[in-house]
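J.: First the structure, which I've put down as structure tokens, then a few questions once you've had a look.
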Amino acid sequence: MIDIGAFSADPDKLKDDKQVLLIEKHRLVSGENKLTITLADKPSYVGVDPFVKLIDRDAKDNIFKL
């Protein structure tokens with residue numbers, strides 16, 4: 001299981017919990033994975049393991065700006 005997140009601000013610069021729109025755990029498998037998430041507000045950033053809880057050689061590619 002891995003965290004999937006959606007944010008109204010850059011996750012590296014969060015000022016309060018209201019900027020976290022979603023954090024959910026999902027099982028991802030090798031290959032292509034598709035998730036559909038419906039939110040009340042449009043996120044500015046989305047990410048996989050956004051708080052780098054797992055070992056990662058390049059954590060900078062975990063967050064995507066929309």
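The values are calculated or read from the model by the stated rules, or taken from the named source; none is laboratory data. Keep in mind that what you see is a predicted model, and the values were worked out from it rather than measured. Cβ: placed from backbone, ideal geometry, glycine included. Neighbour counts: every protein chain shown.
J.: Select from segment 19-44 the residues that are out of contact with any Asp or Glu (no Cβ under 8 Å at 6 or more places or on another chain) and closer than 9 Å to residue 7 by Cα and write down the one among them that is surrounded by the most Cβ atoms within 10 Å (Cβ to Cβ).
T.: Among those that are out of contact with any Asp or Glu (no Cβ under 8 Å at 6 or more places or on another chain) and closer than 9 Å to residue 7 by Cα, it is 43.
Residues checked against (1) at pLDDT below 95; (2) β-branched (Val, Ile, Thr); (3) under 11 Å from the mean Cα position of the chain (by Cα):
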| position | (1), (2), (3) |
| --- | --- |
| 3 | yes, no, yes |
| 6 | no, no, yes |
| 15 | yes, no, no |
| 18 | yes, no, no |
| 22 | no, no, yes |
| 28 | yes, no, no |
| 33 | yes, no, no |
| 38 | yes, yes, no |
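J.: Restricting to segment 1-18, name every residue that is among the hydrophobic types (A, V, I, L, M, F, W, C) and in contact with an Asp or Glu (Cβ under 8 Å, 6 or more places away or on another chain).
T.: Selection gives 2, 4.
J.: Can you tell me which of 65, 18, 42 is among the basic types (Lys, Arg), in contact with a Phe, Trp or Tyr (Cβ under 6 Å, 6 or more places away or on another chain) and at negative phi?
T.: 65
J.: Output the residue which, of all residues in segment 1-22 that are touching a residue at least 24 places away in the same chain (Cβ under 8 Å) and among the aliphatic types (A, V, I, L, M), is nearest to residue 62 (Cα to Cα).
T.: Among those residues, the one meeting the criterion is 4.
J.: With the condition kept exactly as written, say whether any residue in segment 47-59 is part of a helix (DSSP H, G or I) and surrounded by 11 or more Cβ atoms within 10 Å (Cβ to Cβ).
T.: The answer is yes, given that some residue of segment 47-59 is part of a helix (DSSP H, G or I) and surrounded by 11 or more Cβ atoms within 10 Å (Cβ to Cβ).
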